[in-house]
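Before any comments, here is the structure.
The values are calculated or read from the model by the stated rules, or taken from the named source; none is laboratory data. The model shown is predicted, which means the values in this text are computed figures rather than measured ones. As a convention, Cβ positions derive from the backbone with ideal geometry for all residues, glycine included, and neighbour counts pool all protein chains shown. Accessible surface areas use protein heavy atoms only, side chains included; no ligands, DNA or RNA. Shrake-Rupley method; radii C 1.70, N 1.55, O 1.52, S 1.80 Å.
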Amino acid sequence: MYKYTVKEKSIISGDILLLTLQPEKISEQIRFYPGQYAAISYYLGSRPSPTRCFSIVSSPREKYLQFAMRIGGAFTQAATTLEIGDRVDVDGPFGQFTLDPEFDDNLVFIAGGIGVTPFMSILRYATEIRLNKPIRLLYSCRSQDHIPFMAELLEHERQNPNFKVAFFITDGQVTPIADAQITKQTINEESLSLVTNNWSKNITYFICGPTGFRKNFETILSKVVDDPDRVVTESFTQATKLSIGSKFSLPTLTYSLTALALLFGTGFIMSVDLARAVPKILNEQAASSQNSTSTSPTSSNSSTSTPTSTSTNGNSSSATTNSAPTQTYSQPITSVS
Ligand SMILES: Cc1cc2nc3c(=O)[nH]c(=O)nc-3n(C[C@H](O)[C@H](O)[C@H](O)COP(=O)(O)OP(=O)(O)OC[C@H]3O[C@@H](n4cnc5c(N)ncnc54)[C@H](O)[C@@H]3O)c2cc1C
């Protein structure tokens, strides 16, 4: 867990809270790959808030950590009341929504609404390091008035000759903007093939948006993409509800309890095995000492062929009882920069 404080906050595109955080100590800050996400919580008075996941918007090369949250429920509304200097805890990084420089050649990013956030980190980084890979972003938003990061995306287009963005508006009027490709339609198979028509192979598609949006493109792409590794998706759905103020998630708790149960189970099985083995050894020792004193071959045979379990068992329980007390038995992820 990393300790950060609020450096800046602003509302962009109507209902998006842009939160910029700085590390309390320069030496203790999260290292991540562009496209990954973090779990964050803050304090309401002295009480910690619940923990929620947000894709990191900033590039790993930036000094500050940035998140963009669509203001909706209790968590994001309370986040708007944070003051400059307030503490924010950051856990992570998490996720595999990242580029593989060896594998990914031609990149198509498909974003729906606030699902643009992980792409912002990747695009900022790509522009900074002058990444020499063609990137096309197809970005779907409800209304032209609410396109988070529109100006910045057009600036990336100007600075990065490998990058092109197309905006798709689903509701309301569309007003042409100089140098911006903006149309009123949903992203469909045709729009996908248009951006990739001169790319012969090795196209990797990254999809991030609402569940229905993501599933729609998974279905469309399953018809044209042979290798499932070439379709990478991010889901903004929280798998488990994290309890207020708790630093233990449900999966962590489940894993810990399972590990404990396995440990005790193994110990129990070992004790039972020992309890069975010890009397046998004692019995064999007793039998051999009897044999050594006996001259009769019959009695010798009977001690080996006839199980001496009855008497031995009787001894074993007391032997076991007596002997029981003595029978005990990531990833730090490196920065890309
Ligand atoms: C990997 C990942 C990355 C994300 N990145 C971003 C991002 O960059 N920007 C952004 O705005 N959002 C992002 N989200 C979604 C974000 O975590 C939740 O939507 C956010 O917590 C909602 O906050 P809220 O204030 O609207 O509602 P809350 O007050 O947090 O919750 C209201 C109710 O909705 C439930 N709930 C909260 N979040 C989810 C969820 N994701 N799925 C299902 N039920 C939920 C809660 O249990 C509660 O019952 C991401 C989610 C994930 C899993």
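Some notes on this structure:
- Taking residues in region 56-85 that are near the ligand (Cβ under 6 Å from one of its atoms) and modelled with pLDDT of 95 or more, and partners anywhere that are open to solvent by 10 Å² or more (accessible area, probe 1.4 Å) and among the acidic types (Asp, Glu), the pairs with Cβ atoms closer than 7 Å and at least 6 places apart or on different chains are ARG70/ASP15.
- Going through (1) at pLDDT 95 or above; (2) surrounded by fewer than 22 Cβ atoms within 10 Å (Cβ to Cβ) one by one, PRO101 falls short only on (1).
- The combined condition, being near the ligand (Cβ under 7 Å from one of its atoms), open to solvent by 20 Å² or more (accessible area, probe 1.4 Å) and either over 30 Å from PRO134 (Cα atoms) or assigned to a loop (DSSP other than H, G, I, E, B) (or both), is not fulfilled by GLN96.
- Within region 40-61, the set of residues being part of a strand (DSSP E or B), open to solvent by less than 10 Å² (accessible area, probe 1.4 Å) and of a type in the set (A, V, I, L, M, F, W, C) comprises just one member, ILE40.
- Residue ID - modelled with the lowest pLDDT, chosen from residues in region 185-201 that are touching a helix residue (DSSP H, G or I) at 6+ places or on another chain (Cβ under 8 Å) and open to solvent by less than 50 Å² (accessible area, probe 1.4 Å): LEU192
- Breaking point among (1) open to solvent by 50 Å² or more (accessible area, probe 1.4 Å); (2) near the ligand (Cβ under 9 Å from one of its atoms); (3) part of a loop (DSSP other than H, G, I, E, B), for GLY14: (2)
- Of everything in region 205-237 that is more than 22 Å from the chain's Cα centre (by Cα) and of a type in the set (Asp, Glu), the residue that is nearest to the ligand (Cβ to nearest atom) is ASP227.
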